[in-house]
1. Separation between the residue 39 and residue 293 pseudo-spin-labels, each 7 Å from Cα along Cα→Cβ, expressed in nm?
2. Helix-only estimate, please: 222 nm mean residue ellipticity of the chain, summing -39500 (n - 2.57) across DSSP H runs of length 4 or more and dividing by its residues, to the nearest 500.
3. What is the spin-label model distance, in nm, from residue 30 to residue 198 if the labels are put 7 Å beyond Cα along the C-beta direction?
4. Please work out how much length the chain gains when fully extended from residue 284 to residue 145, using 0.36 nm per residue of separation minus the C-alpha to C-alpha distance, in nm with one decimal.
5. In 10 Å bins starting at zero, report the fraction of Cα pairs in the stretch 238-299 per bin as a rounded %.
6. Mind checking which of 98, 39, 190 has the largest fluctuation in a GNM of the chain, springs on alpha carbons under 10 Å?
7. Give me the angle, in degrees from 0 to 90, between the Cα long axis of helix 85-97 and the longest principal axis of the Cα atoms of the chain, rounded to the nearest 10.
8. For the chain, I need the span (max minus min coordinate) of the C-alpha atoms along each principal axis, in Å, sorted largest to smallest.
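No lab work stands behind these numbers, since they all come straight from the coordinates. Worth saying up front: this structure is predicted, and the values here are computed from it rather than measured. Methodologically, a virtual Cβ is constructed for each residue, glycine included, from the backbone with ideal geometry; neighbour enumeration extends over all protein chains shown.
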């Protein structure tokens, strides 16, 4: 049997190799090794690589469940084991790579299995996975629902986008925020994603020696400034004014966002004396010239 990467997917996290070896010695093999037999009659392990290696080293018989049909194989895997969304597209990739029709993938593997709409399943099937894209998707650990967000992105732009996410180490939440901002900018300015990423200021940032978290934060800020230039200036003014407001013992949250106009002031106290102190601080805050200026700007938005 061969242990090849193209069909080697582990569905469950196994304990350490040593613990597994001990377990197999004590209880022998319980679950069969899942094997795919190709057209050249070569067996490829799909699930159970560690067990197969240990059983071989112990000279123990190996129980196998073999499949010659990929569709039936992956239908069996999806039906019999707990599969996460982030794993399903990997199986779809293999099926498409072996020229299985999209209709067969849908009707025999995905139908009734995914908790997404039929429309989204077809979006997923229409995404082209080159080897380059597939490797980056795996490295980013991108799940199914996120992948569907990019279904209508041109392939060159998709590669640029994935390389960007990889270079700055963006997690799922950051990727969604960045993509939304970039999409809005490209539509408004009639740019491609690749053209946007290759703008000099962005390239300079991405090639800098900043830490990944700093890169993400600064990149997002630059995109926000480009998407909302007027609001960005307003936010900068309000942020500078807020830094000058003296609020001892009070938490002041200004509505520095796109929609809200509500300002929040909160405080805590343990006894009457502390409450009295906070109320005096609140009275002093009402006379703060910077607060008056901030509230005036918020009111006149």
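1. Label-label distance for residue 39 and residue 293, simple model: 7.6 nm.
2. -17000 deg cm²/dmol
3. 5.6 nm
4. Working: separation 139, 0.36 × 139 = 50.04 nm, distance 5.07 nm.
Computed gain between residue 284 and residue 145 is 45.0 nm.
5. P(r) for the stretch 238-299, in whole percents per bin: 21, 51, 23, 5.
6. So, out of 98, 39, 190, the one fluctuating most is 39.
7. The helix 85-97 is inclined about 50 degrees to the chain.
8. Projected onto its principal axes, the Cα set of the chain covers 84, 55, 41 Å.
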